[in-house]
Amino acid sequence: MRALILSDIHANIDALEAVLAAAPAYDVVWNLGDIVGYGAAPNEVIERIRSLGGIFVRGNHDRACSGTRSFDDFSSIAGRAAKWTRSVLTPENSAWLQTLSKGPVTTESPLVTCVHGSLLHEDQYVVSMRDAWLAMKDSASHITFFGHTHVQGGFAASAREWQNVQPRFPSSRGLQEVTIAIEENRRYLLNPGSVGQPRDHDPRAAFAIYDDAAQLVSFYRVEYDVRLAQMRILRANLPERLAQRLLEGR
Ligand code: ZN
């Protein structure tokens, strides 16, 4: 089985379509949340992603934009975008967001888990090795796929050491792939990266594929039409910073 792993699409339909067009063959889709928020095409993204089926974990923006969580603790830009998203979501799409699972969610693969933030809390950011260690130390999960940070890569732990997993792509053109072999005696916390609002200084859309028979995880980057996504944001009168950051990848 090959799982296409998507996270933090953030209502960016242009990035999502580019990812779906570029992704090598897959059998199922695992979605790690923040389907909406920030971007200007929430209904289009929900309808597209729902049609693909698979696993869905809810993100903090999915909750804020569908009214099951306040956005008082959001930055003013994120709050403005959440308010706007609430105003444009169809009742059906808003109701669907409210049905998404909190996580951790188990998958078709034994010992492979999906979360939005961390195994400990759905809103926690796993940024450092210490965050990763705390999240993993009491878990039996072999691979945990997480999102929320919008940074592709993650952490691998053996009995002897911890390592950062940081895909380094040979080029910034075309579809780029870096594959890592999953070892039986290591445990992994891996982030496919953000489809619709990368924050690792690479503006290209990010995603991953997990192949459970081969025990491989491939990280990908693909270019998309950033200008189109920016124009949608400006046209919707969303904060200009949301358009600018797509170009900067941060
Ligand atoms: Zn997010």
Open item on the list: Please compute the alpha carbon radius of gyration of region 159-211, then divide it by the globular-protein estimate 2.2 N^0.38 Å. Two decimals is fine.
Closed with: 1.29
Open item on the list: How would region 158-250 be classified by its alpha-carbon gyration tensor: rounded, prolate or oblate, with rounded meaning a/c under 1.5 and the a/b versus b/c comparison settling the rest?
Closed with: prolate
Open item on the list: I'd like the carbon and sulfur percentage of the solvent accessible area for the chain, probe radius 1.4 Å, heavy atoms only, ligands and nucleic acids excluded.
Closed with: 49 percent
Task: Spin-label pair TRP133/THR106, simplified geometry with 7 Å Cα→Cβ offset, distance in nm - done: 3.0 nm
- [ ] Taking the Cβ of ARG86 as the centre, find all other residues whose Cβ is under 13 Å away and add up their charges (Lys, Arg: +1; Asp, Glu: -1).
- [x] +3
Open item on the list: Give me, ordered by chain and number, the residues 5 or more places off ILE5 or on other chains with an amide H under 5 Å from its own placed amide H.
Closed with: TRP30, ALA208, ILE209, TYR210
Task: Karplus-derived HN-Hα couplings along region 120-137 (A = 6.51, B = -1.76, C = 1.60, θ = phi - 60°), whole Hz, x at Gly and Pro - done: 7, 7, 5, 9, 7, 8, 9, 10, 9, 4, 5, 4, 5, 4, 4, 5, 9, 5
Task: Amide H partners (placed H, <5 Å) of GLY33, local residues excluded - done: ASP8, VAL57
Open item on the list: Explain nothing, just compute: Karplus ³J(HN,Hα) = 6.51 cos²θ - 1.76 cosθ + 1.60, θ = phi - 60°, for every residue of region 93-102 in order, whole Hz, x for Gly and Pro.
Closed with: 5, 5, 5, 5, 4, 5, 8, 5, 6, 6
Open item on the list: Helix 42-52 against the longest principal axis of the chain: what's the angle in degrees, Cα atoms only, rounded to the nearest 10?
Closed with: 40 degrees
Task: Within a Gaussian network of the chain (alpha carbon springs, distance under 10 Å), most fluctuating of PRO192, PRO167, PRO110 - done: PRO110
Task: Karplus-derived HN-Hα couplings along region 5-20 (A = 6.51, B = -1.76, C = 1.60, θ = phi - 60°), whole Hz, x at Gly and Pro - done: 10, 10, 8, 6, 6, 6, 6, 9, 5, 5, 5, 4, 5, 5, 5, 5
TODO: Would you work out the relative contact order for the chain, in percent, from Cα pairs under 8 angstrom that are 6 or more residues apart?
DONE: 23 percent
- [ ] Answer rounded, prolate or oblate for region 44-152, using the Cα gyration tensor with square roots of eigenvalues a ≥ b ≥ c: rounded when a/c is under 1.5, else prolate when a/b is larger than b/c, else oblate.
- [x] oblate
Task: Kirkwood Rh and Cα Rg combined as Rg/Rh, the chain - done: 0.95
Open item on the list: Kirkwood Rh and Cα-based Rg: tell me the resulting Rg over Rh for region 95-233, rounded to two decimals.
Closed with: 0.98
Task: Net dipole in debye of the chain [+1 Lys, Arg Cβ; -1 Asp, Glu Cβ; about Cα centre; nearest 20] - done: 540 debye
- [ ] With springs only between Cα atoms under 10 Å apart, run a GNM on the chain and tell me which of GLY37, GLY193, GLY53 wobbles the most.
- [x] GLY53
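The values are calculated or read from the model by the stated rules, or taken from the named source; none is laboratory data. Owing to the predicted nature of the structure, the values given are computational and were not obtained by experimental measurement. As a convention, Cβ positions derive from the backbone with ideal geometry for all residues, glycine included, and neighbour counts pool all protein chains shown. When the accessible area is computed, the model is the full protein with side chains, heavy atoms only, and any ligands, DNA or RNA have been set aside. Shrake-Rupley method; radii C 1.70, N 1.55, O 1.52, S 1.80 Å.
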